[in-house]
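Okay, structure first, notes after.
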Amino acid sequence: MKVIILCGGRGVIDPETRQRIPKALMRIGDRPVIWHVMKTFATAGHHDFILALGEGGDAIRRYFFNQHLNDGDVEFQIGSGRVEYLTPAPDCHWTVKCVDTGLHAQTGSRIARCLRYVEGEVFLTSYSDCLCDVSLKKLVAHHQSSGKVLTVTGVQPSSRFGMFVLQPDGSLSYTQDTKLGGNNTYINGGFMVMSPEIFEHLNVFNECNLEQDTFSKLSACSKMGIYPHDGYWQAIDTERDIQLVTQLYLENKRPWLSV
């Protein structure tokens with residue numbers, strides 16, 4: 001099954017170089033975030049990737065162009081200019097299409113501009129800046145059995161700060177671990193399955209936004225489903241987020257790679 005990964009946006013300031021880079025290229029250990037996202041899919045048997053690139057897309061292209069050169073043993077024959085790769089690429093079964101979907105396009109239009117590569121197929125979609133240990137096999141099975149056009153992994157992130165809980169009788173309790181939103185409220189966890197009909201609800205115009213437009217339309221006509229996930233999930237939005245997941249990685253606690 002093919003995987004579209006949304007790689008648009010203005011990017012962030014890299015905490016190491018203090019230069020603006022795509023979120024996808026922020027590093028967790030010795031690999032960028034996008035590699036970790038793709039490895040999650042590859043572990044479940046999905047190796048065919050379509051990267052919907054926006055601003056900073058040239059840097060993402062360079063990363064994959066040089067990946068074999070940078071990640072394995074290599075021999076340079078200076079006189080002839082010949083290059084020999086001495087070790088197999090760690091991700092040699094991956095196919096990566098880099099698709100220019102525009103500098104200013106919203107998420108829905110980026111997916112619409114990838115139609116020619118997934119036409120007629122059910123496909124997976126994700127963002128390049130969130131990690132999760134959802135069972136992709138179960139997510140896909142749930143989608144296929146539901147008959148929906150779009151199925152989203154629903155998550156309930158934990159509060160960073162601890163929460164006060166006000167009871168009906170006016171008593172108050174405090175906890176560090178309460179999930180935000182309650183038992184029946186979820187946010188988009190970023191890992192989605194889409195049927196071909198999704199393109200009837202998207203267009204290539206820059207302003208087509210998946211979250212603001214398409215989610216509402218599909219929900220209103222009962223064509224959107226949710227797959228609740230109670231396991232690990234982490235968005236990579238700030239320097240603090242990258243520090244948290246990097247610490248897990250260095251401690252060999254990598255839930256998003258053990259799906």
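The table below lists the values:
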quantity: Residues satisfying the stated conditions in the range 242-259, i.e. exposed (fewer than 13 other Cβ atoms within 10 Å of the Cβ), part of a loop (DSSP other than H, G, I, E, B) and in contact (Cβ under 8 Å) with a residue 12 or more places away in the chain; calculated: 258
quantity: Some residue of the range 98-109 being farther than 17 Å from residue 22 by Cβ and in a loop (DSSP other than H, G, I, E, B); calculated: no
quantity: Selection within the range 198-241 - over 30 Å from residue 20 (Cβ atoms) and part of a loop (DSSP other than H, G, I, E, B); calculated: 221, 222, 223, 229, 230, 231
quantity: Residue check, residue 175 touching a residue at least 40 places away in the same chain (Cβ under 8 Å), more than 19 Å from residue 195 (Cα to Cα) and surrounded by fewer than 20 Cβ atoms within 10 Å (Cβ to Cβ); calculated: no
quantity: Test set (1) under 19 Å from the mean Cα position of the chain (by Cα); (2) over 19 Å from residue 36 (Cβ atoms) - residue 98 fails condition number; calculated: (2)
quantity: Test: residue in the range 232-241 that is surrounded by fewer than 14 Cβ atoms within 10 Å (Cβ to Cβ), at pLDDT 95 or above and not aromatic (Phe, Trp, Tyr); calculated: no
quantity: Test for residue 187: is it under 30 Å from residue 17 (Cα atoms), among the β-branched types (Val, Ile, Thr), at pLDDT below 95 and surrounded by 12 or more Cβ atoms within 10 Å (Cβ to Cβ); calculated: no
quantity: Count - residues of the range 87-96 that are modelled with pLDDT of 85 or more, of a type outside the set (Ser, Thr, Tyr) and exposed (fewer than 14 other Cβ atoms within 10 Å of the Cβ); calculated: 1
quantity: Pairs, first surrounded by fewer than 14 Cβ atoms within 10 Å (Cβ to Cβ) in the range 9-36, second in a loop (DSSP other than H, G, I, E, B), C-beta under 6 Å, six or more apart; calculated: 10/55; 20/11
quantity: Number of the exception - residue 116 against (1) surrounded by 13 or more Cβ atoms within 10 Å (Cβ to Cβ); (2) without any contact (Cβ under 8 Å) to a residue 60 or more places away in the chain; calculated: (1)
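The rows are residues; the columns are (1) surrounded by 12 or more Cβ atoms within 10 Å (Cβ to Cβ); (2) small (Gly, Ala, Ser); (3) closer than 23 Å to residue 201 by Cβ; (4) out of contact with any Cys (no Cβ under 6 Å at 6 or more places or on another chain).
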{"position": "132", "(1), (2), (3), (4)": "yes, no, no, yes"}
{"position": "158", "(1), (2), (3), (4)": "yes, yes, no, yes"}
{"position": "166", "(1), (2), (3), (4)": "no, no, no, yes"}
{"position": "170", "(1), (2), (3), (4)": "no, yes, no, yes"}
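The values are calculated or read from the model by the stated rules, or taken from the named source; none is laboratory data. All figures in this text were calculated on a predicted structure; none of them were measured in a lab. Neighbour counts are summed over all protein chains in view; Cβ atoms, including those assigned to glycine, are modelled from backbone coordinates with ideal geometry.
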